[in-house]
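Undergrad: Input: one structure, supplied below.
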Number of protein chains: 2
Amino acid sequence: MAGLWFTEKQTENFGITMKVNKTLHTEKTEYQMLEMVETAEWGNMLLLDGMVMTSVKDEFVYHEMVAHVPLFTHPNPENVLVVGGGDGGVIREVLKHPSVKKATLVDIDGKVIEYSKKFLPEIAGWLDDPRVEVRVADGFMHIANSENEYDCIMVDSTEPIGPAVNLFTKGFYAGISKALKEDGLFVAQSDNPWFKGELIRNVQRDVREIFPITRLYLANIPTYPSGLWAFTIGSKVYDPLAVSDDSFHDIETKYYTKELHKAAFILPKFVQELLQ
Amino acid sequence: MAGLWFTEKQTENFGITMKVNKTLHTEKTEYQMLEMVETAEWGNMLLLDGMVMTSVKDEFVYHEMVAHVPLFTHPNPENVLVVGGGDGGVIREVLKHPSVKKATLVDIDGKVIEYSKKFLPEIAGWLDDPRVEVRVADGFMHIANSENEYDCIMVDSTEPIGPAVNLFTKGFYAGISKALKEDGLFVAQSDNPWFKGELIRNVQRDVREIFPITRLYLANIPTYPSGLWAFTIGSKVYDPLAVSDDSFHDIETKYYTKELHKAAFILPKFVQELLQ
């Protein structure tokens, strides 16, 4: 169909709009509205409940920054859990770390996994790796039933509406602490400081009550609201800012570098002020 | 008028869209289409030739980062020139530096100055400061006629179409070098690395042939294409990365900090690769 444009209202009064060459799949799953479209600017793109989740052209930023910052902070991550992330992008990045023996993906919506494999093979193509276990299950419950098990946990959720609402609660962070080994750490996507300052402030406050080391870092994601995305780290022992230069090993990336690992924590003043 | 939305196509296939409460002024000036609108998300906003120039809510990022990075790099900036920048935002930031004795604004379009004073007083309200000289003139010619005069020059131009096309040429950078004192430096806005990589590459190459120290830094501007904006610095003597910690003095900012001054030069890998 010609002349088709998709618009995501990222706030009530502001949004992005893009040319869609064709819609590839549309389905109301058990949990959310799933849409896969081919866009002219960003290549194939996954939308959940009308919000951009990932696109072939800019996905590397989010997936690299969610995975490599915690994984290079931990000196020897072997057992990794990804909550959400059914598109498989975080898993692809996790597997670049040779220390990782097992990576478990727990996404509540099997349809996201199914259609990502079909339409986003550049992103989801590593979900069949022998080190990967894929579970279609409730991440909140998986966390609640895990104890002293993981070195790193990445929470790659949607916004705190719909199926992800439990993933932004203090009870969930407490569960993560229990599911982590005694020197483990986790990261959670935390929306953006321009429109969701209050959410960032609340997540930081909640995580800080549970983890001795709590930090926020940023990355530029052009298809996400405001282009500036925040990630919260909670860590029991290792400080992402204290990683020594020689503990980085070479991996292929398009956004992450070992210098950016630390620079991403240097926040604009108005973002610093959210954390006080 | 209700139900009014403005859309800027930032590329052929991608753009931003926002609710407009009312249009405040629309005029075809001698040089460009000037529109001033009141937006619901960003407050009053200036558009030139249909492109977002500045808005009350996010202008601080651009103006602080254009002004303070070069001004804190120079140990004693006294005489400063702003080319373009008729909205007055860079001038407002320049005046926060007590060493500055004179700040000259040269914008080719007096209408930008006139309507910024009227509708963007939070931004343009410092143009009547006694240290400021405002000239409605061609910045390219002003530079061509200046010699050994300025400590810092900020090029706050529109995109390289319309009146700003000469401001992206090697001849212009050579003129800037001549207009600067022997230890002077300049900064120019350089669009974004997602959609305009080739432009950034060319500007860096041209500036590097003239200035011994050439660098690129980034800032997040949510109303600009991709949310990630680039700035090129050309400097004769002082390196923005070598500024000592004690040469920063306190100024009121919402984005810039002395830590961010250096972190802004730490580039994502795909941006680094544009410079090679």
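Values in this text are rule-based calculations from the coordinates and carry no lab data. Treat the numbers as computed from the prediction; the structure is a model and nothing was measured. Neighbour counts are summed over all protein chains in view; Cβ atoms, including those assigned to glycine, are modelled from backbone coordinates with ideal geometry.
Undergrad: Please give, to one decimal in nm, the separation of the simple spin-label points placed at A:Ala2 and A:Phe270, each 7 Å out from Cα toward the Cβ.
TA: So the two model labels end up 4.2 nm from each other.
Undergrad: How fast does region A:81-215 diffuse by Stokes-Einstein, in µm²/s, taking the Kirkwood radius from C-alpha pairs at 4 °C and 1.567 mPa s?
TA: Numbers: Rh = 15.3 Å.
The calculation lands on 85 µm²/s.
Undergrad: Moving on. Mind listing the label-point distances from B:Lys170 to the same position on all other copies, shortest first, one decimal in nm, points 7 Å along Cα→Cβ?
TA: 6.3
Undergrad: Which percent, to the nearest 5, of DSSP beta bridges fully inside the protein assembly as shown are antiparallel?
TA: Values: 76 of 116 bridges.
If we restrict to bridges inside the protein assembly as shown, about 65 percent are antiparallel.
Undergrad: If the cut-off is a Cα-Cα distance under 19 Å, which lysines reach B:Lys28, setting aside same-chain residues fewer than 8 apart in sequence?
TA: B:Lys111, B:Lys117, B:Lys118
Undergrad: Report the full-extension gain for the segment B:Glu27 to B:Glu252: residue separation times 0.36 nm, less the Cα-Cα distance, to one decimal in nm.
TA: Going from the current span to full extension adds 77.5 nm.
Undergrad: Using alpha carbon centroids, what distance separates region B:217-271 and region B:24-103, in Å?
TA: 17
Undergrad: Can you say what percent of the DSSP beta bridges in chain A, counting only those with both residues inside, are antiparallel? Round to 5.
TA: Numbers: 35 of 55 bridges.
If we restrict to bridges inside chain A, about 65 percent are antiparallel.
Undergrad: Per DSSP H run of n ≥ 4, the term is -39500 (n - 2.57); total these for chain B, divide by its residue number, and report the mean residue ellipticity at 222 nm rounded to 500 deg cm²/dmol.
TA: On the way: 9 runs with 73 residues, N = 276.
About -7000 deg cm²/dmol.
Undergrad: Sticking with this one: For region A:141-257, what's the relative contact order in percent, using C-alpha pairs closer than 8 Å and at least 6 residues apart?
TA: On the way: 180 pairs, mean separation 28.6, N = 117.
Over region A:141-257, the number comes to 24 percent.
Undergrad: Place the label 7 angstrom along Cα→C-beta at A:Glu27 and in each other copy, then list the distances from the first to the rest in nm, shortest first.
TA: 5.7
Undergrad: Once you charge only the Cβ atoms, +1 for Lys and Arg and -1 for Asp and Glu, what is the size of the charge dipole of region B:59-275 about its Cα centre, to the nearest 20 debye?
TA: On the way: 22 positive and 31 negative charges, 71 e Å.
Computed about the Cα centre, the dipole is about 340 debye.
Undergrad: Of all DSSP beta bridges in region A:103-241, what percent run antiparallel (nearest 5)?
TA: Values: 13 of 23 bridges.
Taking every DSSP beta bridge with both residues in region A:103-241, the antiparallel ones total about 55 percent.
Undergrad: Can you name the residue in chain A whose Cβ lies closest to the A-to-B rotation axis, and give that gap in whole Å?
TA: Value returned for chain A: A:Gly227, 1.
Undergrad: Mind checking which lysines have their C-alpha under 25 Å from A:Lys170, skipping anything on the same chain fewer than 8 residues away?
TA: A:Lys178, A:Lys181, A:Lys196, A:Lys236
Undergrad: Still on this structure, please answer the following. Rounded if a/c is under 1.5, else prolate if a/b is larger than b/c, else oblate: which is region A:5-52, with a ≥ b ≥ c the root eigenvalues of its Cα gyration tensor? Can you show the working numbers first?
TA: Numbers: a/c = 2.58, a/b = 1.09, b/c = 2.37.
Oblate.
Undergrad: Can you give the charge dipole size of region A:5-52 about its Cα centre, rounded to the nearest 20 debye, using +1 on the beta carbon of Lys and Arg and -1 on the beta carbon of Asp and Glu? Can you show the working numbers first?
TA: Working: 4 positive and 8 negative charges, 33 e Å.
Computed about the Cα centre, the dipole is about 160 debye.
Undergrad: Taking each label point as 7 Å beyond Cα in the direction of the beta carbon, state the distances from B:Gln272 to the same residue in the other copies, shortest first, in nm.
TA: 2.6
Undergrad: Once both labels are modelled 7 Å past Cα along the beta-carbon direction, what's the A:Ala174-B:Glu12 spacing in nm?
TA: Using points 7 Å along Cα→Cβ, the separation is 5.6 nm.
Undergrad: Rounded to the nearest 0.05, what FRET efficiency do B:Ala40 and A:Glu198 give with R0 = 22 Å and r taken as the Cβ-Cβ distance? Could you check?
TA: Given R0 = 22 Å and the Cβ-Cβ separation, E is 0.70.
Undergrad: Find out how many positive minus negative residues lie around A:Leu127, taking Lys and Arg as positive, Asp and Glu as negative, among other residues whose Cβ is under 15 Å from that of A:Leu127.
TA: On the way: positive: A:Arg92, A:Lys96, A:Lys102, A:Lys111, A:Lys117, A:Lys118, A:Arg131, A:Arg135; negative: A:Glu59, A:Asp87, A:Glu93, A:Asp107, A:Asp109, A:Glu114, A:Glu122, A:Asp128, A:Asp129, A:Glu133, A:Asp156.
After counting each charged neighbour, the total is -3.
Undergrad: Can I ask one more? Kirkwood Rh and Cα-based Rg: tell me the resulting Rg over Rh for the protein assembly as shown, rounded to two decimals.
TA: Details: Rg = 24.2 Å, Rh = 24.5 Å.
Result: Rg/Rh = 0.99.
Undergrad: Indicate the gyration tensor shape class of region A:128-188 (rounded, prolate or oblate), computed on the Cα atoms with a ≥ b ≥ c the square roots of the eigenvalues: a/c under 1.5 is rounded; otherwise a/b larger than b/c is prolate and the rest oblate.
TA: Values: a/c = 1.77, a/b = 1.12, b/c = 1.57.
It comes out oblate by the Cα gyration axes.
Undergrad: Something else: Relative contact order (percent) for chain A, with alpha-carbon contacts under 8 angstrom and 6 or more residues of separation? Before the final figure, lay out the partial values.
TA: Values: 571 pairs, mean separation 43.9, N = 276.
Averaging sequence separation for qualifying contacts and normalising by length gives 16 percent for chain A.
Undergrad: Would region B:1-98 count as rounded, prolate or oblate if I go by the C-alpha gyration tensor, calling it rounded below 1.5 in a/c and otherwise prolate when a/b exceeds b/c, oblate otherwise?
TA: Prolate is the answer for region B:1-98, as a/c is 1.5 or above and a/b outweighs b/c.
Undergrad: In bins 5 Å wide, starting from 0, what share of all Cα pairs of chain A does each bin hold, as a percent?
TA: Reading upward from the zero bin: 1, 6, 13, 18, 20, 18, 13, 7, 3, 1, 0, 0.
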